[in-house]
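Each value in this text was obtained by applying a stated rule to the coordinates, not by laboratory testing. The model shown is predicted, which means the values in this text are computed figures rather than measured ones. Neighbour counts are summed over all protein chains in view; Cβ atoms, including those assigned to glycine, are modelled from backbone coordinates with ideal geometry.
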Amino acid sequence: MADLQWNADLDGCQVGAVSVRRVAELENIPFAASDIYADQSEDIIRGLKDIFGARHIDPKSLALLLSFHSFVVRSGGRTILVDACVGNHKARPTRPAWHLRDGAFLADLAAAGVAPEDVDVVLCTHLHADHVGWNTKLENGAWKPTFPNAEYLFAEKEYAHWKQQFDANPTEPLNYGSFEDSVLPVVAAGQATMVAGDHRVESGIYLEPAYGHTPGNVLVHLEGGGDHAILSGDVIHHLVQLAHPDWSTNFCFDGDQSRRTRIGLLESYAGTKTLLLPAHFQAPEYGRIQRDGKQFRIER
């Protein structure tokens, strides 16, 4: 059996009988390294730019370049959308790339053969704004679930944390306002199911707790035919964390726990055939983890 590999031409892969395809909403979005990582320095990032290349670090500004994408998983006749990106018409004034977008994500989903009515499950690895945006769309002035036939799976621990925060201060925009416009309308529509962090979606597709980035963050495992892939969400954001796995982001709820989770993931699967599919790596950097001294790298 050949090693499981990401097919750059298809922007996807096959995990046994399960197919995975990436659908990007935004790519090449620059972030100053200092906006993401407190431990970074300009000298460190400059040293990494030649290692990771201009696809991932802007050679002039040294900005880190990120992608915002969903993964479409097809299994046994069902279609599962993992993470729902930023969304259209969402007010995110402090994030210009996200603010009041009118993008082509649904058209790009259609080009991948997926209409909103075709989606059976929407699965959010966590409930940050850039993972829930397309949960809803604006319809006659109200936020309605984008995928009318889908069951939306939220980790119970994750939802409970943000609901508590929202209830404590409902007039303050939570997660840039996304909890109110992209999560609560799904719950109100009766389409949300709260699940355990180790929930089994179906045979060969299951969750694993990966706490730290958020209180209820999860990994999504895909298995079949001897193959294994992990949709790792925001456990790791950018390739610089392969060189510096101890760096947690400024967005992490618990930086120490996030660090332990990330290093544990990398150490557990380094040298194996498991394919790592993070939520923000620019294509085509999806592959197997290899140890490189005290650091790690992706092998394609």
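Of G293, G212, G133, which is farthest along the charge dipole of the stretch 12-299 in the positive direction, counting Lys and Arg as +1 and Asp and Glu as -1 at C-beta?
It is G293, whose Cα lies furthest towards the positive end.
Going by C-beta contacts inside 10 Å, put C85, C252 in order with the fewest on the left.
Listing C85, C252 from fewest to most nearby Cβ atoms yields C252, C85.
Mind putting a number on the dipole of the stretch 25-70 about its Cα centre? Charges go on the C-beta only, +1 for Lys and Arg and -1 for Asp and Glu, and I need it in Debye to the nearest 20.
My answer is approximately 160 debye.
Have a look at the DSSP beta bridges in the stretch 12-299 and tell me what percent are antiparallel, nearest 5.
Rounded to the nearest five, the antiparallel share is 75 percent.
At a Förster radius of 35 Å, what calculated FRET efficiency corresponds to the Cβ-Cβ distance of R95 and E139, to the nearest 0.05?
0.90
Using alpha carbons only, what's the Rg to Rh ratio of the stretch 27-115 with Rh from Kirkwood?
1.08
Search the structure for amide H atoms under 5 Å from the amide H of K137, placed 1.01 Å from N in the peptide plane, and list their residues when 5 or more places away or on another chain.
K144, T146
Just need the relative contact order of the stretch 1-100 here, percent rounded to a whole number, with Cα pairs under 8 Å and 6+ apart.
26
List, in order, the whole-Hz ³J(HN,Hα) value for each residue of the stretch 218-226 obtained from phi through the Karplus relation with A = 6.51, B = -1.76, C = 1.60 and θ = phi - 60°; use x for Gly and Pro.
3J(HN,Hα) across the stretch 218-226, in whole Hz: 10, 9, 10, 9, 10, 9, x, x, x.
All other residues with a Cβ under 13 Å from the Cβ of A17 taken together, and with Lys, Arg as +1 and Asp, Glu as -1, what is their net charge?
That works out to -1.
About the Cα centre, and with charges only on the beta carbon of Lys, Arg (+1) and Asp, Glu (-1), how big is the dipole of the chain? Nearest 20 debye, please.
So the dipole magnitude of the chain works out to roughly 320 debye.
Report ³J(HN,Hα) in whole Hz for each residue of the stretch 229-245, in order, from the Karplus equation J = 6.51 cos²θ - 1.76 cosθ + 1.60 where θ = phi - 60°; Gly and Pro get x.
So the J values, rounded to whole Hz, are 9, 10, 8, 9, x, 9, 4, 9, 8, 9, 4, 4, 6, 6, 6, 9, x.
Report, in listed order, any pair from K144/K273; K90/K157; K137/K163; K60/K144 with a Cα-Cα distance greater than 32 Å.
Listed pairs above 32 Å: K144/K273; K60/K144.
About its Cα centre, what dipole magnitude does the stretch 80-128 give when the only charges are +1 on Lys and Arg Cβ and -1 on Asp and Glu Cβ, stated in debye to the nearest 20?
400
Under a 5 Å amide H to amide H cut-off, with H placed in plane at 1.01 Å, what residues pair with L219 once short-range neighbours are removed?
For L219, whose amide H was placed from the backbone, the distant partners under 5 Å are E208, A210.
Label points 7 Å out from Cα along the Cβ direction at R55 and D246: separation in nm?
2.9
Under 16 Å from a point 7 Å along the Cα-to-Cβ line of A168: which residues of the stretch 248-283 have their amide N that close?
Residues passing the 16 Å test: 253-254.
If packing is taken as the average number of other Cβ atoms within 10 Å across a peptide's residues, how do 145-152, 127-134 rank, most packed first?
The most tightly packed comes first, giving 127-134, 145-152.
Show that you can apply the helix-only estimate: for the chain, add -39,500 (n - 2.57) for every DSSP H stretch of four or more residues, divide by all residues, and state [θ] at 222 nm to the nearest 500.
After summing the helix terms and dividing by the residues of the chain, the value is -5500 deg cm²/dmol.
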